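Working notes, beginning with the structure itself.
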Amino acid sequence: MYNTKLKLIVSVLLFSLITVSNLCSSDKSAFIEAGLSTGIPIYGDKELKTLNSTYSDDGHRVIIGSVVNVNLQISENLFFFLGNDSQFDFSWNEKGHSNHFETAFYPGLKAYPGLGGLNFSCAYTVGIRKDFVSSEDNLDKSFWGNGFRFGMEYDFSKNTDSMLPAIGAYYRFCPRGSYHYDNIIGLYVAMPF
């Protein structure tokens, strides 16, 4: 477990060094995109699903998140990226709340097939979910897990000098320990920097 974390930290530092050197050059082959997201978390824990429906069926539910990617150009239509997406799932009513914070870090590849700004991505993910429930129910702890993330995006600023947004969708598979698996479907709007 510690060996995996050490590899992740070394990868992040190396990628950051390469990215900063590219961002400081006149050739803009690296860029950062950040934005807001929403989505549909499909939790694998049946007990958690029951608690969520208790609070959201006769109450309120809001799902909001963020997406941040650092992109480094490998070739004309291929980018390496390192990113993070986080999602906050709030469910509440007058009896209490069932809130969840879920985050994942990922390195991956993004390919443009030559159709304007359309691109597809595939990434390896490492993430965790934390639950904040106002009941006495005993939920299993959520452990760090690794999975994968597939995405599709249209980058309106591709091949232009303008700063235009990108819109995208992704599917992320996240093992959570105790034979539970979360599936996250997300939609986002991001701006390049």
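The values are calculated or read from the model by the stated rules, or taken from the named source; none is laboratory data. Keep in mind that this is a model prediction, so the values were computed, not measured. Every residue, glycine among them, receives a Cβ derived from its backbone with ideal geometry; neighbour counts consider all protein chains shown. To get the accessible areas, we keep the full protein, side chains included, count just its heavy atoms, and leave off ligands, DNA and RNA. Shrake-Rupley method; radii C 1.70, N 1.55, O 1.52, S 1.80 Å.
Every residue in the stretch 83-102 that is of a type outside the set (Gly, Ala, Ser), surrounded by fewer than 21 Cβ atoms within 10 Å (Cβ to Cβ) and assigned to a strand (DSSP E or B), please.
Taking the stretch 83-102 first, the residues of a type outside the set (Gly, Ala, Ser) are 84-85, 87-90, 92-95, 97, 99-102.
Pick out the ones that are also surrounded by fewer than 21 Cβ atoms within 10 Å (Cβ to Cβ) and you get 84, 88, 90, 92-95, 97, 99, 101.
Selection gives Asn84, Phe88, Phe90, Trp92, Asn93, His97, Asn99, Phe101.
So that you can scan it fast, the table gives a plain yes or no per residue for (1) more than 30 Å from Asp58 (Cα to Cα); (2) touching a Gly at 6+ places or on another chain (Cβ under 6 Å):
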| position | (1), (2) |
| --- | --- |
| Trp92 | no, yes |
| Asn99 | no, no |
| Pro107 | yes, no |
| Arg129 | no, no |
| Gly145 | yes, no |
| Asn159 | yes, no |
| Cys174 | no, yes |
> Any idea which of (1) in contact with a Leu (Cβ under 8 Å, 6 or more places away or on another chain); (2) open to solvent by less than 20 Å² (accessible area, probe 1.4 Å); (3) modelled with pLDDT of 95 or more is the one Asn119 doesn't satisfy?
Replying inline: (1)
> Within the stretch 160-177, can you find the residues that are assigned to a strand (DSSP E or B), of a type outside the set (D, E, K, R) and on the phi < 0 side of the Ramachandran plot?
Replying inline: Ala166, Ile167, Gly168, Ala169, Tyr170, Tyr171, Phe173, Cys174, Pro175
> Being under 19 Å from Phe31 (Cβ atoms), among the β-branched types (Val, Ile, Thr) and surrounded by 14 or more Cβ atoms within 10 Å (Cβ to Cβ), is that true of even one residue in the stretch 146-169?
Replying inline: yes
> Are there any pairs with C-beta distances below 8 angstrom linking a residue in the stretch 51-68 that is open to solvent by less than 30 Å² (accessible area, probe 1.4 Å) to a residue that is β-branched (Val, Ile, Thr) and not in a helix (DSSP H, G or I), with the two at least 6 apart or on different chains, and if so which?
Replying inline: Leu51/Val133; Gly65/Thr38
